[in-house]
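Structure record follows, encoded as structure tokens.
The values are calculated or read from the model by the stated rules, or taken from the named source; none is laboratory data. It should be emphasised that the depicted structure is a prediction, and the values quoted were computed from it without experimental measurement. Cβ sites come from the backbone with ideal geometry, for glycine too, and all protein chains shown count toward neighbours. Side chains are part of the model used for accessible areas, which takes the heavy atoms of the whole protein and leaves out ligands, DNA and RNA. Shrake-Rupley method; radii C 1.70, N 1.55, O 1.52, S 1.80 Å.
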Amino acid sequence: MITSIILRTALLANSIAIILHLLTNWLDGISLFMLLAFQFVIISGYFINKIVTQVVASIDRELNDVDIIIRKKQALS
């Protein structure tokens, strides 16, 4: 969750930098290509984070199911 907040904040900050660059050419040392590349990296990281979180949650559910089955077998024996 914290990673998601950090990535969303970075996405917002980079979006503002791109808008400022397009409107005012305020960021002289940074090219628009660099800002767009960084935007792509942030978005990719956000979606990778979501996928990894879902995979970890799925594995956790499966392990809980296995734990329940083991406890039931131990209770029966």
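Could you tell me how many of the residues in region 2-17 are modelled with pLDDT under 85 and open to solvent by less than 90 Å² (accessible area, probe 1.4 Å)? Can you show your working first?
Within region 2-17, the subset modelled with pLDDT under 85 is 2-4.
Restricting the remaining residues to those that are open to solvent by less than 90 Å² (accessible area, probe 1.4 Å) gives 3-4.
Residues that pass the stated criteria total 2.
Scanning region 31-45 for residues that are part of a helix (DSSP H, G or I) and either farther than 12 Å from LEU7 by Cα or open to solvent by 60 Å² or more (accessible area, probe 1.4 Å) (or both) returns LEU32, PHE33, MET34, LEU35, LEU36, ALA37, PHE38, PHE40, VAL41, ILE43.
What tally of residues in region 46-77 results from selecting those that are of a type in the set (Ser, Thr, Tyr), out of contact with any Leu (no Cβ under 9 Å at 6 or more places or on another chain) and surrounded by 10 or more Cβ atoms within 10 Å (Cβ to Cβ)? Show your work before the answer.
Step one: filter region 46-77 for residues of a type in the set (Ser, Thr, Tyr), giving 46, 53, 58, 77.
Pick out the ones that are also out of contact with any Leu (no Cβ under 9 Å at 6 or more places or on another chain) and you get 53, 58, 77.
Checking which are surrounded by 10 or more Cβ atoms within 10 Å (Cβ to Cβ) leaves us with 53, 58.
The number of residues fulfilling the criteria is 2.
Of all the listed residues (ASP60, ASP67, ASP28), the sole one being in a helix (DSSP H, G or I) and either modelled with pLDDT under 90 or touching a helix residue (DSSP H, G or I) at 6+ places or on another chain (Cβ under 6 Å) (or both) is ASP67.
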